[in-house]
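Taking it in order: structure first as structure tokens, then the write-up.
The values are calculated or read from the model by the stated rules, or taken from the named source; none is laboratory data. Every value quoted in this text rests on a predicted model; they were computed, and no experiment measured them. Cβ atoms come from the backbone with ideal geometry, glycine included; neighbour counts cover every protein chain shown. When the accessible area is computed, the model is the full protein with side chains, heavy atoms only, and any ligands, DNA or RNA have been set aside. Shrake-Rupley method; radii C 1.70, N 1.55, O 1.52, S 1.80 Å.
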Amino acid sequence: MSQGIPTKAYISGSWSAGGGGTFPVYDPATGAEIAQVADCTPEDVATAVDAASEAFKTWRLTSPKERAAVLLRIRDGLNSSKDAIATILTRENGKPKGEAAGEVGFAGSFFEWFAEEGRRQYGETVPSPAASKRMVTVRQPVGVAALITPWNFPIGMIGRKVAAALAAGCTCVIKPAEDTPLTALAFAKVCEEAGVPAGVVSVLPCSRSRVQAVGAALCDSPKVQVLSFTGSTAVGKWLYQRCGSTIKKISLELGGDAPFIVFPSADVGRAVEGAMAAKFRNTGQTCVSANRMFVHESVHDEFVKQLAEAVDKQLKSGHGLENGVNQGPIINQRQFDRLVKMTEESIAAGAKVVRGGKPGGGLFYPPTLLTGVTLNMPVAKEEIFGPVAAILKFREEEEVVQLANATNMGLAGYFYTGDVSQAWRVAEALEVGMVGVNEPMVSTCELPFGGVKQSGLGKEGSLHGLDEYTHLKYICFGI
Ligand code: ADP
């Protein structure tokens, strides 16, 4: 990427100071200020939406093959700037550099996937009931897409949304999370250098104090046809309601409360390996992180013993730019305080501390194992979003499936078993959008990511990801 990471907003193909001054971005590992970034206002949103609406008139008319060429240039730009983007991502988000680089590659994978998938947006020719008519369906882009993205995957979530939107023929206005705007601006720079036409992609950071007004401007604009959001359930509900006034299409990826179940027939070593990834990747700050870990009483003690050994041996906290670090800080004070309170209250209610359990320095929270967790404790009732493993014991399959489903959330679920019939039964019975059977890493561009219940609406990635950005038009010919 030429000339470093920008700090201005990217609106209609130009770098803009925005109308609201600037706001600070911090390194969560040190507390040091990294940059002052343009603070955009609802007026800036209007400018960006007007530009996106104008750009849509021509972008929609390009062929999927022409758009694919642009998408592949974005992928190439992400790959060639991987190191620079991963460095800034680590500095503002705190995740280890290796994970950050992996995330840039993950973002790129969606541009490659949708470059290909965009060319297969088939319609249908349907036999007519009347001899005098011919009937077809075609897919068309919906228009301007507003994309609101979170801090935990600052470029992964942008890539997953933008790639689908652009491939469909939509234009987009992105509002990144206030904790991680620099990675989003680096993405805008990649788009600029890849020759994305002005107005097709805009990136408007704003401070937490403006987020509601900026969000409202996106929801209320009649020129925005679809809103795609990844973030907390509370904000998702607010956006869903607010979009009612203009009947937008809406796609929501919200909170998770993933059950992680270890059955008696499981390979315990493999389940421990899976638990390490499902619980401690990204320091537990993912919506698909294992939240409630149900372990059968016959393998409970062995599982806990091996998990504690793995935590001691494998996890190293520190600044994400240091070699060997795989546990970063919690993103900000608000999230940190929430995690501390939830863990302290659970311990006070009787959870037993096997590892960790007390805050480290700054925003670092140590990998923590709690056993004897019961359903009334905060760590079993709320989304933990941190490196705290909450372990509960169970006896029967039917009981554990019922417990796993006793939540309003339904994003991911994991279980370990050596029994093929049980694998089918439980995979079908879990009320979630994605299931890992003897496997903790399920997310990939080829398969649909999304939840049920209050975990969201719609799918991202896969051949279904384009549906969020297209509508199916029926055309009837009288002959
Ligand atoms: P978290 O609590 O993990 O920060 P949020 O749901 O608050 O999760 O944040 C996800 C994204 O939603 C961020 O880009 C954030 O700025 C944005 N956001 C938060 N509140 C609102 C709101 N009222 N309207 C629009 N976007 C919002």
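Lys341 versus (1) of a type in the set (D, E, K, R); (2) more than 16 Å from the ligand (Cβ to nearest atom); (3) not in a loop (DSSP other than H, G, I, E, B): which is the lone unmet condition?
Checking Lys341 against (1) of a type in the set (D, E, K, R); (2) more than 16 Å from the ligand (Cβ to nearest atom); (3) not in a loop (DSSP other than H, G, I, E, B), the one that fails is (2).
For the list (1) open to solvent by 10 Å² or more (accessible area, probe 1.4 Å); (2) more than 25 Å from Phe111 (Cα to Cα), I need the number of the one condition that Ala198 fails.
(2)
Among the residues of region 204-230, write down those that are within 24 Å of Lys459 (Cβ to Cβ) and either modelled with pLDDT under 95 or within 12 Å of the ligand (Cβ to nearest atom) (or both). Break it down stepwise before answering.
Restricting attention to region 204-230, the residues satisfying the condition of being within 24 Å of Lys459 (Cβ to Cβ) are 215, 218-219, 224-230.
Across region 204-230, the qualifying residues are Gly215, Leu218, Cys219, Leu227, Ser228, Phe229, Thr230.
From Glu92, Glu178, Glu192, grab the single residue that is at pLDDT 95 or above and open to solvent by 40 Å² or more (accessible area, probe 1.4 Å).
Values: Glu92 fails: open to solvent by 40 Å² or more (accessible area, probe 1.4 Å); Glu178 fails: open to solvent by 40 Å² or more (accessible area, probe 1.4 Å).
None of the other options fit; the residue is Glu192.
Would you mind stating whether Lys316 is open to solvent by 80 Å² or more (accessible area, probe 1.4 Å) and modelled with pLDDT of 95 or more?
Values: open to solvent by 80 Å² or more (accessible area, probe 1.4 Å): yes; modelled with pLDDT of 95 or more: yes.
For Lys316, the condition - open to solvent by 80 Å² or more (accessible area, probe 1.4 Å) and modelled with pLDDT of 95 or more - is met.
Residue by residue through region 107-117, note down the ones that are acidic (Asp, Glu) and open to solvent by 30 Å² or more (accessible area, probe 1.4 Å). I'd like the intermediate steps shown before the answer.
Step one: filter region 107-117 for residues acidic (Asp, Glu), giving 112, 116-117.
Glu112, Glu116, listed by residue number.
Residue pairs, Cβ under 7 Å, 6 or more apart or interchain, first in region 151-173 and over 27 Å from Gly284 (Cβ atoms), second more than 16 Å from the ligand (Cβ to nearest atom) and hydroxyl-bearing (Ser, Thr, Tyr). List them.
Matching pairs, first to second residue: Ala164/Tyr469; Ala165/Tyr469; Ala168/Tyr469; Ala168/Thr470; Cys170/Tyr469.
All but one of (1) among the polar types (S, T, N, Q); (2) buried (at least 22 other Cβ atoms within 10 Å of the Cβ); (3) in the same structural domain as Val432 (by TED's automatic domain parsing) hold for Ser265; which doesn't?
Of (1) among the polar types (S, T, N, Q); (2) buried (at least 22 other Cβ atoms within 10 Å of the Cβ); (3) in the same structural domain as Val432 (by TED's automatic domain parsing), only one is false for Ser265: (2).
Out of the residues in region 375-423 meeting the condition of being part of a helix (DSSP H, G or I) and among the small types (Gly, Ala, Ser), tell me which one is surrounded by the fewest Cβ atoms within 10 Å (Cβ to Cβ). Talk me through it step by step, then tell me what you get.
Keep residues of region 375-423 that are part of a helix (DSSP H, G or I), which gives 378-381, 397-405, 420-423.
This time we only want the ones that are among the small types (Gly, Ala, Ser), so: 380, 404, 421, 423.
On the way: Ala380: 25, Ala404: 25, Ser421: 8, Ala423: 18.
Filtering first and then ranking leaves Ser421.
Give the residues of region 239-262 that are of a type in the set (A, V, I, L, M) and either modelled with pLDDT under 95 or open to solvent by less than 20 Å² (accessible area, probe 1.4 Å) (or both), sorted by residue number. Quick ask: steps written out before the conclusion?
The first filter runs over region 239-262 and keeps only residues of a type in the set (A, V, I, L, M), leaving 239, 247, 250, 252, 254, 258, 261-262.
Selection gives Leu239, Leu252, Leu254, Ala258, Ile261, Val262.
Output the number of the condition that Asp50 fails; it satisfies all remaining conditions of (1) under 20 Å from Gln333 (Cβ atoms); (2) crowded, with 16+ Cβ neighbours inside 10 Å.
So the condition that Asp50 fails would be (1).
Tell me, which residue of region 1-34 that is in a loop (DSSP other than H, G, I, E, B) and under 14 Å from Gly199 (Cβ atoms) is most open to solvent (accessible area, probe 1.4 Å)?
Kept after step one, since they are in a loop (DSSP other than H, G, I, E, B), are these residues of region 1-34: 1-8, 12-13, 17-21, 27-32.
Among the residues that remain, those that are also under 14 Å from Gly199 (Cβ atoms) are: 12-13.
Working: Ser12: 48, Gly13: 27 Å².
Ranking the qualifying residues of region 1-34, first place goes to Ser12.
What strands (runs of 3 or more DSSP E) completely inside region 113-168 contain at least 1 residues that are within 16 Å of the ligand (Cβ to nearest atom)? Explain how you work it out, then say what you get.
On the way: elements: 124-126, 133-141, 144-148.
Fully inside region 113-168 and qualifying: 144-148.
When you go through Glu92, Glu99 one by one, which is the residue that is among the acidic types (Asp, Glu) and out of contact with any Ser or Thr (no Cβ under 8 Å at 6 or more places or on another chain)? Before you say what the answer is, go through the steps one by one.
Values: Glu92 fails: out of contact with any Ser or Thr (no Cβ under 8 Å at 6 or more places or on another chain).
Among Glu92, Glu99, only Glu99 is among the acidic types (Asp, Glu) and out of contact with any Ser or Thr (no Cβ under 8 Å at 6 or more places or on another chain).
With the checklist (1) aliphatic (A, V, I, L, M); (2) under 16 Å from the mean Cα position of the chain (by Cα); (3) open to solvent by 10 Å² or more (accessible area, probe 1.4 Å) in hand, flag the one item Met276 doesn't pass.
That leaves (2) as the condition not met.
Where the second residue is surrounded by fewer than 22 Cβ atoms within 10 Å (Cβ to Cβ) and not in a strand (DSSP E or B) and the first is touching a residue at least 40 places away in the same chain (Cβ under 8 Å) and of a type in the set (Val, Ile, Thr) and lies in region 102-124, which pairs have Cβ atoms under 9 Å and are six or more apart or on separate chains?
Val104/Asn79; Val104/Ser81; Val104/Lys82; Val104/Asp83
Give region 335-373 a look and list any residue that's closer than 25 Å to Ala234 by Cβ, open to solvent by 20 Å² or more (accessible area, probe 1.4 Å) and either over 24 Å from the mean Cα position of the chain (by Cα) or outside the structural domain of Leu307 (by TED's automatic domain parsing) (or both), or say none.
Those that are closer than 25 Å to Ala234 by Cβ, open to solvent by 20 Å² or more (accessible area, probe 1.4 Å) and either over 24 Å from the mean Cα position of the chain (by Cα) or outside the structural domain of Leu307 (by TED's automatic domain parsing) (or both): Lys341, Glu344, Glu345, Ala349, Pro359.
Could you give every pair whose Cβ atoms fall below 6 Å, whose first residue belongs to region 229-250 and is under 22 Å from Phe153 (Cβ atoms) and charged (D, E, K, R), and whose second residue is more than 7 Å from the ligand (Cβ to nearest atom) and assigned to a strand (DSSP E or B), counting only separations of at least 6 or pairs across chains?
Within 6 Å, no pair qualifies.
List pairs: first residue in region 19-44 and over 18 Å from Phe336 (Cβ atoms) and hydroxyl-bearing (Ser, Thr, Tyr), second residue part of a strand (DSSP E or B) and open to solvent by 40 Å² or more (accessible area, probe 1.4 Å) anywhere in the structure, Cβ distance under 8 angstrom, at least six positions apart or on different chains.
Between residues of region 19-44 that are over 18 Å from Phe336 (Cβ atoms) and hydroxyl-bearing (Ser, Thr, Tyr) and residues that are part of a strand (DSSP E or B) and open to solvent by 40 Å² or more (accessible area, probe 1.4 Å), the close pairs are Thr22/Gln36.
Does Val138 meet the test of being more than 23 Å from Val288 (Cβ to Cβ) and open to solvent by 30 Å² or more (accessible area, probe 1.4 Å)?
Spelling it out, Val138 is indeed more than 23 Å from Val288 (Cβ to Cβ) and open to solvent by 30 Å² or more (accessible area, probe 1.4 Å).
From Val37, Val104, grab the single residue that is in a strand (DSSP E or B), buried (at least 17 other Cβ atoms within 10 Å of the Cβ) and aliphatic (A, V, I, L, M). Before the answer, list the steps.
Numbers: Val104 fails: in a strand (DSSP E or B).
Sole residue among the options that is in a strand (DSSP E or B), buried (at least 17 other Cβ atoms within 10 Å of the Cβ) and aliphatic (A, V, I, L, M): Val37.
Considering Thr183, Thr233, which residue is of a type in the set (Ser, Thr, Tyr) and either away from the ligand (no atom under 16 Å from the Cβ) or open to solvent by 10 Å² or more (accessible area, probe 1.4 Å) (or both)? Break it down into steps so the answer makes sense when it comes.
On the way: Thr183 fails: either away from the ligand (no atom under 16 Å from the Cβ) or open to solvent by 10 Å² or more (accessible area, probe 1.4 Å) (or both).
Of the residues listed, the single one that is of a type in the set (Ser, Thr, Tyr) and either away from the ligand (no atom under 16 Å from the Cβ) or open to solvent by 10 Å² or more (accessible area, probe 1.4 Å) (or both) is Thr233.
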